[in-house]
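**Q** Quick one: the structure is below, and I'll ask about it shortly.
The values are calculated or read from the model by the stated rules, or taken from the named source; none is laboratory data. Small disclaimer: the values here were computed from a predicted structure and weren't measured. As a convention, Cβ positions derive from the backbone with ideal geometry for all residues, glycine included, and neighbour counts pool all protein chains shown.
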Amino acid sequence: MTGRHLPPDAVAGVRAGSIRTATDPGTGTQWAEASFLPATQGAAAVQASFQDGAGTGVFTSADSGRSWRLVGEAGPLACGLGLPQAVRTAWGLAGPACAAHTGTAAMARASTGTDTTADEGIGGSIARIALGQVGLATTPAVTSFNGVDCDPFSTLDGAFSPNSNGCGSDSRFGVENENESWCSDFAKWAWMQAGVTQDVDTLNAGSVSFYAWALQHGQSPTVDGGTAAPGDAVVFFPPGPVNASRFADHVGIVSAVNADGTVDLVDGDFLGPNGITAEYDTHVSLTSWAAGVWGAGEQWVIVQPPSTPQASAPTVSISGPHTAVAGAQVHFDGNAAQVGGTVTQFYWTFGDGRDTNTATRSVDHVFPGPGVYTVTLTATSSLGTATVRTWTVDVSGSSSTVVDVPDPSLWYSARLVDQYLIAPAGDGTLAAETSDGVDWLRQTVPGQPSPVVPAHAPAVASLGWSDPAAADARTPHAFYRAADGTLAETSLGSGGWTTTTLPGSPAPGSAIVAAVVDGDGNAAKGGSLTPEVFFYAADGRLAETVEHQGDWTTSELPGPPVPGAARGSLAIAATGGTAVALFRHAGEGVLTVTQNTSGAWTSERIGSRFPIAHDSALSAVTEATGRVAAFYTDAQGRLTEATSIGHGGWSVTELPGSPAAGTPLTATTALLPSATAVPGSTGATGVEVSYLTASGAPGLTAWDGSSWSAVTLPGTADGLVGVSAYPQYGHPQQVFMTQGSGLSAATSATLGAAPPADWTLSALPSQPSVWPDEVLLYAATPADAATAQSAAAAAGLPASQVTRSFASAWAAGLTGRYLVVAVGAAATDALYFNVCGWSNPSGEDPGATPFYTVAGPLSGPAPADSFENAAAATPAQSAERATDLTYFTVHGTLPPGEPTLPAAAAPTRTCSGTVS
């Protein structure tokens, strides 16, 4: 189950009767489909992730069935999307029955509203409400279960903190969608909207929870039997015993019972021709339909909603801010009352994927990064009734040099696995060091940064936020002064890395900082985020470039100019809403703060007996209390903190630690270990400041919630790049440094000023792993390399896009943003099997790779973990196939006079060629 990032012990085995195979006569590739069952001892979250087809995979074999590779997830009624026509026909997925689902006729019937009785009652009301959602699609729209599955119902139900990252908003309900298998969440929502209040807390993301609810209410559902009625929930089980502790495949809502005994169903989270939607399936004979969707022996039970009016649910309200700052505590209060009873439990979720929910009326929470989040509060009463309320929060944040974003592929995982460190490469290009939580890879990304920057100035301001241009995924953006003197932005979107020239011209030597803030100041109406970039213009005045609804504008801020030597000292802290605080070195040892808290920019001097050193760097954070703090080196060479104390006052104190003169400072907040142990609190943060000492060793000064302490880290460096941006508790902290032309990271699993023995030093890759262009030809022998060079020249590609490096081809194939063409049998065998055991960026063992061959020809990036096979039966045919595939990548057609591709040769378990 590597395709779902699940451990092997999460899988109990293959569902009986689910395997079917076919061969594509055009390519000789064998295809298979199989459904897998979750392990019975697996966590409920893992079991729920197998629902609705997410446990059904499509596989291919290029070696006569000796080995198989997952190439996609089928999902119920997927209708063979993406399969060869021969395979669709063999599996019966190309006929009119498949096309009928969610088709025009079915949608028209759903819209008539004739499927319920006039005196609908609770059951009829459930049916009507469910029908009203037919066609509602996930945002973003997706065509397989191999990725995000974002819906509004998981949010509206207060599901167990799935992650909103990668999800869009839902304008119908005014909430941020969340990533979760959602058939049961949809059915629960429909029941609650129709007035079901009793024991709805029993219902959760697992379809089997409806069966548990039935037993709780004295029902004894009959397997494959019973009389259905509108509003009933139909729960589908794999073969075997049916009980409340077993995994269930799906739950749907009956919208009508037809005269011939069939039923109409509304099925949330079904994959069909229109993507993953709330689907309408008509004239369903439950037994045969279940067998056709899941396989022979699939079972079903009917769960009936209450037939009489339910007790009223609690009245619930949330009070708290609609804006917050990443890394700072935010306080929420819940208020609830129950007629004829008492409220016995409050349950909060925050949409940020962290397992930090709480059952207290009031809660403190820390959001891990900028974005729009929907908070939910579920109040449960002594009568067993429950109500869910939602609250939208715009979370702003400040720039750093390192961006952490959560992995959106699994809703039940809170692990931060995508990390981006973006910095000038030293050769006039921009480099992105990226990590998946295990390995670091280096990419050359578009952009030409200006090399003229003081050593202590932040040359690149990096931000990650929920960006509509990237399907609302939290994605990295880097702002910097380009070589031509303009302001530039390099960002990672759904189509890869791109660079844009923005209005504004930073002065040479100017620091650049940025923040993302609440764009319209009204998060309660849905939320929006706006990036702002700050720098010194040529005349020495502070300037800002701001984006609003896709348009960028630039302007200068009021205030006197600063001398050139001080333009490298600039720091920013978001303070909530549209407000930010900019800290500047105004000259003569004076620290100045410029803020826009009242809708207009104002500046004030921060008086202190600890004047700032003339060559001091600046860094700033928003602390847990919401107060802002700036860090600098004072004239005595000591690390110093200036903290706001309200009413325009500032507290300035020296801290342990002595940064070397003229070197950078980087500060960040860190989630403290105590935060997970304090009842009623899901967030308590400390502060970490990193710097270089006079000896060249990196130093770290940390606040643990009660005191400051400092430690010298192992190794030496000639520069400081950054520190992990908002590390979560349980994840390692890292300080990034330069030594000559290389980058290194000091890493500790313990947050704060851990003893030196707890830190390890490791080098980051110094050479790019992938190419700026999206095509890379890989050859593993000298002869195949010559063939690849000839193919590249024929297509108009430069020779630099041919490599003999196995590691480089591997790294490019992992991304899903490049197309790797394996030229010759040795390269194809190596990427498919790696029998030779060559070292690779993922640390895979010999004989194991994550790659499969993708059918071509392609003219754009291949899916992640795939490559094109340019090996054929003979060397001459291999050369022809390589030329044809490469030409197609550039021109979108085969070369003139080449109507067809030579057939591909299947990879073999052979060790040949060389690693580089």
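**Q** Please specify each residue of region 894-916 satisfying the condition of being more than 19 Å from THR853 (Cβ to Cβ), of a type outside the set (A, V, I, L, M) and either touching a helix residue (DSSP H, G or I) at 6+ places or on another chain (Cβ under 8 Å) or touching a residue at least 40 places away in the same chain (Cβ under 8 Å) (or both).
**A** We begin by selecting, within region 894-916, every residue more than 19 Å from THR853 (Cβ to Cβ); these are 895-899, 914-916.
Filter once more, keeping what is of a type outside the set (A, V, I, L, M): 895-899, 914, 916.
Result: PRO895, GLU898, THR914, SER916.
**Q** It is to be established whether one or more residues within region 604-616 are in a loop (DSSP other than H, G, I, E, B), under 36 Å from the mean Cα position of the chain (by Cα) and surrounded by fewer than 17 Cβ atoms within 10 Å (Cβ to Cβ).
**A** no
**Q** How many residues does region 286-326 hold that are assigned to a strand (DSSP E or B), of a type in the set (Gly, Ala, Ser) and buried (at least 21 other Cβ atoms within 10 Å of the Cβ)?
**A** Residues in region 286-326 being assigned to a strand (DSSP E or B), of a type in the set (Gly, Ala, Ser) and buried (at least 21 other Cβ atoms within 10 Å of the Cβ): 1 in total.
**Q** Now for a different question. In the list ALA807, ALA848, which residue meets the criterion of being assigned to a loop (DSSP other than H, G, I, E, B) and either of a type in the set (A, V, I, L, M) or without any contact (Cβ under 8 Å) to a residue 60 or more places away in the chain (or both)?
**A** ALA848
**Q** Kindly establish whether ASP784 is at pLDDT 90 or above, closer than 22 Å to GLY26 by Cα and outside any loop (DSSP other than H, G, I, E, B).
**A** So ASP784 fails the test.
**Q** Take the residues in region 466-498 that are assigned to a loop (DSSP other than H, G, I, E, B) and hydrophobic (A, V, I, L, M, F, W, C), then tell me which one is surrounded by the fewest Cβ atoms within 10 Å (Cβ to Cβ).
**A** ALA483
**Q** Here is a follow-up. Scan ALA667, ALA710 and give me the residue that is in a strand (DSSP E or B), within 25 Å of the chain's Cα centre (by Cα) and at pLDDT 90 or above.
**A** Testing whether each residue is in a strand (DSSP E or B), within 25 Å of the chain's Cα centre (by Cα) and at pLDDT 90 or above leaves just ALA667.
**Q** Right, next: Answer yes if at least one residue in region 492-502 is under 18 Å from SER400 (Cα atoms), under 26 Å from the mean Cα position of the chain (by Cα), at pLDDT below 95 and not small (Gly, Ala, Ser), and no otherwise.
**A** Yes.
**Q** For region 205-237: of the residues being touching a helix residue (DSSP H, G or I) at 6+ places or on another chain (Cβ under 7 Å) and at pLDDT below 95, which is surrounded by the most Cβ atoms within 10 Å (Cβ to Cβ)?
**A** Only one residue tops the list, namely ALA205.
**Q** Can I ask one more? Which one of these is within 19 Å of VAL735 (Cβ to Cβ), surrounded by 23 or more Cβ atoms within 10 Å (Cβ to Cβ) and at pLDDT 75 or above: VAL402, VAL445?
**A** Testing whether each residue is within 19 Å of VAL735 (Cβ to Cβ), surrounded by 23 or more Cβ atoms within 10 Å (Cβ to Cβ) and at pLDDT 75 or above leaves just VAL402.
**Q** Moving on to the next point. Given the conditions (1) of a type outside the set (D, E, K, R); (2) modelled with pLDDT of 95 or more; (3) over 22 Å from GLY397 (Cβ atoms), which single one is not true for ALA566?
**A** (2)
**Q** While we're looking at this one, here's another question. Do you know which residues across region 853-873 are farther than 18 Å from ASN834 by Cα and either aromatic (Phe, Trp, Tyr) or without any contact (Cβ under 8 Å) to a residue 40 or more places away in the chain (or both)?
**A** The answer is LEU858, SER859, ALA872, ALA873.
**Q** Sort out which residues of region 484-497 are under 9 Å from VAL445 (Cβ atoms) and β-branched (Val, Ile, Thr), and write them in order of number.
**A** THR490
**Q** Next question, about the same structure. May I ask you to list the residues in region 626-653 that are assigned to a loop (DSSP other than H, G, I, E, B) and either within 19 Å of THR701 (Cβ to Cβ) or modelled with pLDDT of 95 or more (or both)?
**A** Residues of region 626-653 that are assigned to a loop (DSSP other than H, G, I, E, B), as a first pass: 626-627, 635-638, 647-648.
ARG627, ALA635, GLN636, GLY637, ARG638, listed by residue number.
**Q** Let me ask you something else. Consider THR475 against the criteria (1) out of contact with any helix residue (DSSP H, G or I) (no Cβ under 9 Å at 6 or more places or on another chain); (2) more than 13 Å from ALA511 (Cα to Cα): it satisfies all of them except one. Which criterion is unmet?
**A** (1)
**Q** Working only within region 822-833, note down all residues that are surrounded by 23 or more Cβ atoms within 10 Å (Cβ to Cβ) and either basic (Lys, Arg) or assigned to a loop (DSSP other than H, G, I, E, B) (or both).
**A** Hit for region 822-833 is GLY824, nothing else.
**Q** Being under 33 Å from the mean Cα position of the chain (by Cα) and either in the same structural domain as ARG474 (by TED's automatic domain parsing) or part of a strand (DSSP E or B) (or both) is the requirement here; does PHE186 meet it?
**A** no
**Q** Can you find even one residue in region 65-85 that is modelled with pLDDT of 75 or more and touching a Pro at 6+ places or on another chain (Cβ under 6 Å)?
**A** no
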